[in-house]
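Here the structure is laid out as structure tokens; the discussion comes afterwards.
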Amino acid sequence: MAPKILFAPRQSQVILDIARSLMPPGFELVVADPGTPEFYQAAGDAEYFLGLARQMGGEFFRSAPKLKLVQLLSAGYDRVDVEAARKAKVPVANNGGANAIAVAEHTLLLMLAVLKRLVRLHNDVAAGRWRAADLAEARVYELSGKTLGIVGLGNIGKKVARRAAAFDVKIQYYDVARLTEDQEDALGVRFVLFTELLRTSDVVTLHVPLDDSTRRMLGAPEFAMMKPTAILVNTCRGPVVDEDALHRALVVGQIAAAGLDVLVEEPPAPNHPLFALPNVTLTPHSAGPTWENWASRFRNGFDNIQRVAAGGRPRWVIPDLA
């Protein structure tokens, strides 16, 4: 029998067509939604999981005794029960940076949208209010000349730095894994301490995985350190930020504005406090998926599955299990 790849959750037919067009010969792809009887039936003899993490705890790993690899299409893995994976001795790999360009571009999008007040200006024009805002009150700003602070200089953070350099910004970063001096020179960045980054950056952008060390890494004490003119951009994971503290910081003017692609609860409640603030720009956790990178994600995933099937070691295993 052909080795079975369990794909979940179910996607639109056009996306499944991309997956099937790239699937290597000799494998069987079974599509099911997590938690359904079809899912657990397929998990029983599946050797590989390919898709997005949903309900991926102990019950999942117990239901898939033949599993050799969990291959995620996402960069984040916070919905995977890492201890359950470790107990089952199943490696978990992320998407190998397939969505890094998309997230980096979206990060720049949010920076510019916030600085240029894109949403407010669009709404004014659409409502028939041409140049309705008082230019002194509704100020717009240039990114050029600002100091950009990147928290987390991994694959995505580096791509943000390369793209931001075109806007003539000064780039500093904080990461638990420092680059060498030569690497910093090549990228045009310099290392600073976390608190130093918060105090001196005009734009703070977050690119860290969600784990115990990063959960609520930005809370009330951190916002109190930031410039009152600073903006926060978050395209990694919502719980990295204490949302109550962020709301207070935006209301009282500890920071100027925020551009957020992620929230603590997704989808958020209809009356989420951040919705009422004029200095917040939101997108629906849409930074990662682009039409171009569906193919890249499937390509990386199938390559990793083939490596394991051939007896090799998988690439892109998450740090917690590396």
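The values are calculated or read from the model by the stated rules, or taken from the named source; none is laboratory data. As the structure is a prediction and not an experimental result, all values here were calculated from the model. As a convention, Cβ positions derive from the backbone with ideal geometry for all residues, glycine included, and neighbour counts pool all protein chains shown. To get the accessible areas, we keep the full protein, side chains included, count just its heavy atoms, and leave off ligands, DNA and RNA. Shrake-Rupley method; radii C 1.70, N 1.55, O 1.52, S 1.80 Å.
Observations
- For the stretch 124-154, the set of residues classified as modelled with pLDDT of 95 or more and not in a loop (DSSP other than H, G, I, E, B) consists of ALA126, THR147, LEU148, GLY149, ILE150, VAL151, listed by residue number.
- Close pairs from the stretch 304-316: first closer than 17 Å to GLY26 by Cα, partner open to solvent by 70 Å² or more (accessible area, probe 1.4 Å) and of a type in the set (Lys, Arg), Cβ under 6 Å, at least 6 apart: ASN304/ARG315; VAL308/LYS68
- Looking only at residues in the stretch 170-201 that are assigned to a helix (DSSP H, G or I) and of a type in the set (D, E, K, R), the one that is least open to solvent (accessible area, probe 1.4 Å) is GLU184.
- The number of residues in the stretch 223-253 being surrounded by fewer than 21 Cβ atoms within 10 Å (Cβ to Cβ) and over 23 Å from ASN271 (Cα atoms) comes to 5.
- The lone criterion from (1) buried (at least 21 other Cβ atoms within 10 Å of the Cβ); (2) assigned to a strand (DSSP E or B) left unmet by PHE39 is number (2).
- Subset of the stretch 59-114 [open to solvent by 30 Å² or more (accessible area, probe 1.4 Å), closer than 16 Å to LYS159 by Cα and outside any loop (DSSP other than H, G, I, E, B)]: ILE101, GLU105, LEU109
- From the list LEU193, LEU197, LEU206, the one residue that fits, being touching a strand residue (DSSP E or B) at 6+ places or on another chain (Cβ under 7 Å), within 21 Å of LEU109 (Cβ to Cβ), at pLDDT 95 or above and of a type outside the set (D, E, K, R), is LEU206.
- Candidates are the residues of the stretch 239-278 that are in a loop (DSSP other than H, G, I, E, B) and of a type in the set (D, E, K, R); the one that is farthest from LEU73 (Cα to Cα) is ASP242.
- Here THR195 fits the description: touching a helix residue (DSSP H, G or I) at 6+ places or on another chain (Cβ under 9 Å), β-branched (Val, Ile, Thr) and farther than 22 Å from ASP261 by Cβ.
- Boolean, GLY311 is under 27 Å from VAL92 (Cβ atoms) and part of a loop (DSSP other than H, G, I, E, B): yes
- Within the stretch 118-138, residues that are within 22 Å of LEU108 (Cβ to Cβ) have Cβ atoms under 8 Å from residues that are of a type in the set (S, T, N, Q) in these pairs: LEU118/THR281; VAL119/THR281, counting only partners at least 6 apart in sequence or on another chain.
- VAL160 in a helix (DSSP H, G or I) and β-branched (Val, Ile, Thr): yes
- Some residue of the stretch 28-36 being assigned to a loop (DSSP other than H, G, I, E, B), in contact (Cβ under 8 Å) with a residue 60 or more places away in the chain and surrounded by fewer than 15 Cβ atoms within 10 Å (Cβ to Cβ): no
- Being farther than 23 Å from ALA295 by Cβ and out of contact with any Lys or Arg (no Cβ under 8 Å at 6 or more places or on another chain) is a description that applies to ASP81.
- When THR281 is tested against (1) part of a strand (DSSP E or B); (2) open to solvent by less than 10 Å² (accessible area, probe 1.4 Å), exactly one condition is not met: (2).
- Residue list for the stretch 38-93, filter: among the aromatic types (Phe, Trp, Tyr) and under 21 Å from the mean Cα position of the chain (by Cα): PHE49, TYR77
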